[in-house]
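Report on the following structure.
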Amino acid sequence: MLHFARWKIALIVLVVAAGFLMTLPNFFSAKQLESWPDFLPKNQMVLGLDLQGGAYLLYEVDKDDYVEKRMQGLVSDIRTTLREDPRIGYTGLGVQGESAQVRIRDLTRLDEAEERLQPLVNPLVSNLFGGQPVNEFDLIVNDDGLVRFTYSEEGLDNRLTYIVQQAIEVIRNRLDELGTTEPNIQRQGTDRILVEAPGEGDPERLKDIIGETAQLTFHMVDQSMSGEQALQARPPVGTVVKMSVDDPPFPYLLEEAPLLSGEDLVDAQVSFDQRNNEPVVNFRFNQSGARKFALITQQNVNRPFAIVLDDEVISAPVIREPITGGSGQISGNFTVEGANDLAILLRAGALPAKLTVLEERSIGPGLGADSIEAGKLASIIAGTAVIVFMILAYGRFGIIADLALMSNIFLIFGALTVLQATLTLPGIAGIVLTIGMAVDANVLIFERIREESRAGRSVISAIDAGYSRALGTILDANITTLIAAVILFQLGSGPVRGFAVTLAIGIFTTVFSAFTFSRLLVAIWIRRRRPSKLPI
Amino acid sequence: MLLRLVPDNTHIKFMWLRKVSFPLSIVLVIASLVGFFTVGMNYGIDFKGGTIIEIKTDGPADIGAIRSELGTLNLGDVQVQEFGGSDDILIRVEEQPGGELAQQSVVSRIRTIFEDDNVDFRRVEVVGPRVSGELAQAGAIAVGASLLAILFYIWFRFEWQFAVGAILTTANDVIITIGLFVLLQLDFSLSSIAAVLTIIGYSLNDTVVVYDRIRENLRKYKKKSLTELLDQSINETLSRTTMTSVTTLLALIALYVFGGEVIQSFTLAMIFGIVIGTYSSIFLAAPFLILLNLRADALSSKDDDEEKGPNAKATA
C-alpha cells in the first residue's frame, strides 16, 4: 500500500492542486477577479438565499378559480351557440360545481343541439403523445335533455401546463420590468411555480407585483339603470355589476362583453396629469386595438366607459371626443408607486390565472451577511481545534492528517464551486461536520497502525496493514452516511439540500484524501526517514 | 508524549455493563416516547404552518410593548423572544384559520405595527397549510426510507443480526434525540430532520466500525466465547470511537458557539445525537448481537466462502 506509481502521484497532486485552484477565486472580490488572466478559474461559489439574502416564493395556480372562470366563459359560449338561428330552446344554463350544464327543452332536437355544441369541447394539440388529440372538455348528453361539459383529466392537465408556462413568462416579464437581478423562476410539480429572487430587499413589493392578475378590460357602461338599481334588481341580460376601487366602493352596471382588453396594449408609462399633478398611466394600443378604440369612441361620444382591472372599476370616464391616436390615459387616485406598478403590470401582461402563495421565505441581506461571518468564524475555529487536537494525539502523523484535512477542505470548496452547487447555512454546518468527521478516516487508519504495531509488526508492515485493513471499514462507514445524504437530498428543499450536497461531497473528498493524499504523504515520509520506530 | 484518550489494551467488560446500559436505554426510550405522545414536540412552521418574523430594532427592543401591540392584532398564539441579542427579536405566529391567503395577511398586518419605527425585517418565513403537510410527510418518509436503505446495505454486507442490531441502535439514538426535542421544547423544523438524518448517519458509521471489528474477530478467533469476543472488539475500537467523537464534537461545539442563532438548535441536536450515538455504539450495538443470538460459527462459515481472497491475503 505504500508504493505509488509515478502517474498516480502526479494524478493525486493534480487533483489536490485543482481543488486549491478552484477554491481560490472565492477569496477575492469580483472586481479583483476581472484582472485575472483568462486561463485561471474565476467561478465563485453560489450562495443560497439564506446567505446572500433574497426572497423565495412558492406559488400555486388557483385551479378552482381558473376552472370556474373557464366554465363561466363556456356558459356564455353555449348561450351564443344555442341562440344562433335556428334557435334551440334551453333552460337551466349555468355553472354547476366544476361543470357547465344546460337542459334542452325540445328532446327531439337533442341530437341537433349536441352536434352544434360539439365543437365547444375544444380539441387541444397534445405534444405529449403526438398521436391522439385530446379535448379540453368531455361532453355528456343525457336522454332527458341534460347536456353537461366537464373538464377531461388530460384537458385540465394540458391547460394547467400551458397556464403555468404562460404565468412563468408573465412573472419573468414583470421581474425584468422591476429590475430584479437574476431571478430564478421555475415550474414545480404540475401547478406550482417557484420564484427565487436573490438580493431582493423588499419581498412585499415583489409579492404585490407577482400576485396581481392584472386582467385589464374596457367595458361600456350600461345606462339603462343605475348601478344601485341593478344591485337591487336583476341586471339586464348581458350586463354585470362591478364595484369601483373607491372607498366606499361604488357599483357600476357594465356590458359583460369587454370591448378591448390588456392584450391589445403595447405600452404603458407613468406620467403626471397636467391639471392636478396626479400620477396617471398612459397607454398605447396596438394597431387593431387602436382601430377598434377609435371606432368605439366615435360611436359613443358622451357616454361613459369603464376601465376594469381584476374585476374592479378603476375609473369610468365619459368619452368627450373620438380618440383616434390609439392612446389613452388611466387616472384613478394613484400614488406614484401604485401608478408605476400598474404600468409595469400592463406592460408585462396579465396572468392567465390567479396565483396563491403557498410558502414564503425571505432573508434580509443583513442577516445573510451575519450568517456568512458566523459560518466563517465557526469553520475557522472548528478547523483549528481539530488540527491542534490531531497533532496532540498523533504527533507527526497528526500533521499528515491535518494536511489531508486541509486538502480535503479545498476539495470540498473546489467541488462546490465547479458544480456551482448552492452553499447554504446548513451547508456550512455540513462542512464543519465534515471537518470533524474527515479525520475519522485517518483516526481509523492510525489506530489500526498502532494496533498492528503492538501486535509486533515492523513499522512499514504495520503502516501497510493499517491502510489496507482500515479500507473496508472506512468504505462501509462512509457508504451508510452517504445513503443518508442522498435521501436527504431527495427530500430536501433549499437549505437542507445544501446540507446534503456538502455532506455528500465531503464523504467523497474525505475518502479520497485519506486514501490517496495522506497515504502518499506517509509513503514519502517513510522513504525519506526510513523510521525504525513508529512515532504514534 | 502524545495524547491518549483511552489507554492501550483496555479490558472493560462491556457485555457485563449491558445490565446497566440496557435498562438505562429502555427507560430513556420509554420516557422519550411518553413525552412525544403526551407533551409533544414543538413543531416549527415548516410542519405546522405559520409565520416567523425576525426583526432588528434600533437599540434594545421592548419585548413587552411589542407583545402587547401584537396582541391587538388577534393573530392567536404569538410568541415574542430575543434572538441572539437585545435588539434582535423573533416573532412566531401560529397558522391562521382560513387557508393560504389568511397566512399572507399576517405579515402585512405585523408590518403596519412597526411602520413608524426604524425596524429592519431580517427574515420573514410563511408556510401555508398545504406545504406544511407535505413537508411533514416528506420528512417522515425521509427518515423511514434512510433507515430502511441502510438496513438493507448492512444486511447485504453483514449477517442479518448485524442489520437488526444496527437499526435498533440507531432507533435508540433517534428516539432519545426526539426526547431531547420534547424535553427542551426545541423548535422542530426541516433542519431538525436534517440533524436527525445526520445523527442516523453518524451513529451507523460508529456502529459499523464496531461491527466490522467483530466480524473480523469472529473469523480470527473461532474458539473464543461470544461475550469475550465482543468485549475484545469494543475495547480494540474504543480508542478510535472516542477520538472521532471528540474531533466531531470539537467542530460542532465551535459551530454551536460561533455559528449564529439561526442554526443553534440544529447544532445542539447534532451534538446531543453524537454523544448518544457514541454511547450506543459502545454500550448497545454489540450487546444486541448477543440478544439476537449471533453464532460465531454460522457467520464465519459464510464469510469464509465469500471473502477468502482478501481475507487470506490480509492475514498472510
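The numbers here are math on the coordinates, done by the rules we state, and not lab data. For clarity, every value in this text was computed on a predicted model and none was experimentally measured. Neighbour counts are summed over all protein chains in view; Cβ atoms, including those assigned to glycine, are modelled from backbone coordinates with ideal geometry.
Numerical summary
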{"quantity": "For segment B:1-82, the fraction of alpha-carbon pairs in successive 5 Å shells from zero, as %", "calculated": "3, 9, 11, 10, 10, 9, 8, 8, 8, 9, 8, 6, 2, 0"}
{"quantity": "Peptide A:421-429, shielding by other chains (average Cβ, 10 Å cutoff)", "calculated": "4"}
{"quantity": "Only Lys, Arg (+1) and Asp, Glu (-1) charged, at Cβ; segment B:210-250 dipole about Cα centre in debye", "calculated": "260"}
{"quantity": "Residue-averaged [θ]222 nm for chain A, counting only DSSP H segments that reach four residues, each worth -39500 (n - 2.57)", "calculated": "-17000 deg cm²/dmol"}
{"quantity": "Shielding score for A:391-402, defined as the mean number of other chain Cβ atoms within 10 Å", "calculated": "2"}
{"quantity": "Given charges at Cβ of Lys, Arg, Asp, Glu: segment A:334-444 dipole, positive-most of A:LEU346, A:PRO426, A:ILE412", "calculated": "A:ILE412"}
{"quantity": "Dipole magnitude of the protein assembly as shown, debye to nearest 20 (Cβ charges: Lys/Arg +1, Asp/Glu -1, about Cα centre)", "calculated": "5280"}
{"quantity": "0 to 90° range, to nearest 10: angle between helix B:14-38 axis and chain B longest Cα axis", "calculated": "30"}
{"quantity": "10 Å Cβ neighbours from other chains, averaged over peptide A:443-453", "calculated": "4"}
{"quantity": "Size descriptor, Kirkwood hydrodynamic radius, that averages inverse alpha-carbon separations across segment A:332-475, Å", "calculated": "19.9"}
{"quantity": "Relative contact order for chain B, counting Cα pairs under 8 Å that sit 6 or more residues apart, in percent", "calculated": "25"}
{"quantity": "0 to 90° range, to nearest 10: angle between helix B:190-220 axis and chain B longest Cα axis", "calculated": "0"}
{"quantity": "All aspartates and glutamates inside 20 Å of A:LYS376 as judged from Cα atoms, apart from same-chain residues fewer than 8 positions distant", "calculated": "A:ASP50, A:ASP402, B:GLU261"}
{"quantity": "Given charges at Cβ of Lys, Arg, Asp, Glu: the protein assembly as shown dipole, positive-most of A:MET45, B:ASN42, A:GLY456", "calculated": "A:GLY456"}
{"quantity": "Most mobile listed residue (B:MET270, B:MET15, B:MET243) in chain B, GNM with C-alpha springs under 10 Å", "calculated": "B:MET243"}
{"quantity": "Those lysines that a straight Cα-Cα span of less than 20 Å connects to A:LYS69, excepting residues fewer than 8 apart in one chain", "calculated": "A:LYS242, A:LYS354"}
{"quantity": "Label point at A:LEU392 placed 7 Å out along Cα→Cβ; residues across segment B:253-292 whose backbone nitrogen lies under 17 Å", "calculated": "B:253-255"}
{"quantity": "Percent of alpha-carbon pairs separated by more than 40 Å within the protein assembly as shown", "calculated": "52"}
{"quantity": "From the C-alpha gyration tensor of segment A:1-108, square roots of 5λ in Å", "calculated": "73, 20, 14"}
{"quantity": "Percent breakdown of C-alpha pair distances by 10 Å bin, ordered from the shortest bin, for segment A:340-413", "calculated": "15, 23, 18, 14, 13, 10, 7, 0"}
{"quantity": "Computed over segment B:16-166: relative contact order in percent, which uses C-alpha pairs under 8 Å that are six or more apart", "calculated": "27"}
{"quantity": "Packing-based order for A:228-235, A:146-153, A:345-352, using average beta carbon neighbours within 10 Å, highest first", "calculated": "A:345-352, A:146-153, A:228-235"}
{"quantity": "Translational D in µm²/s for segment A:429-491 (Stokes-Einstein at 10 °C, 1.306 mPa s, Kirkwood Rh from C-alpha pairs)", "calculated": "122"}
{"quantity": "Length-normalised contact order for segment A:25-102 - Cα pairs under 8 Å, 6+ apart - percent", "calculated": "21"}
{"quantity": "Given charges at Cβ of Lys, Arg, Asp, Glu: chain B dipole, positive-most of B:VAL164, B:VAL119, B:LEU204", "calculated": "B:VAL164"}
{"quantity": "Anisotropy class of segment B:43-185 from Cα gyration tensor, a/c 1.5 cut", "calculated": "prolate"}
{"quantity": "Projected-area mean, chain B, by convex hull of Cα positions, square nanometres", "calculated": "20.8"}
{"quantity": "Cα-centred dipole magnitude for segment A:426-536, charges only on beta-carbon of K, R (+1) and D, E (-1), debye, nearest 20", "calculated": "600"}
{"quantity": "For segment A:161-248, diffusion coefficient by Stokes-Einstein and Kirkwood Rh (Cα), 37 °C, 0.692 mPa s, µm²/s", "calculated": "200"}
{"quantity": "Efficiency of FRET between B:SER68 and B:ASN118 - r from beta-carbon atoms, R0 25 angstrom, step 0.05", "calculated": "0.80"}
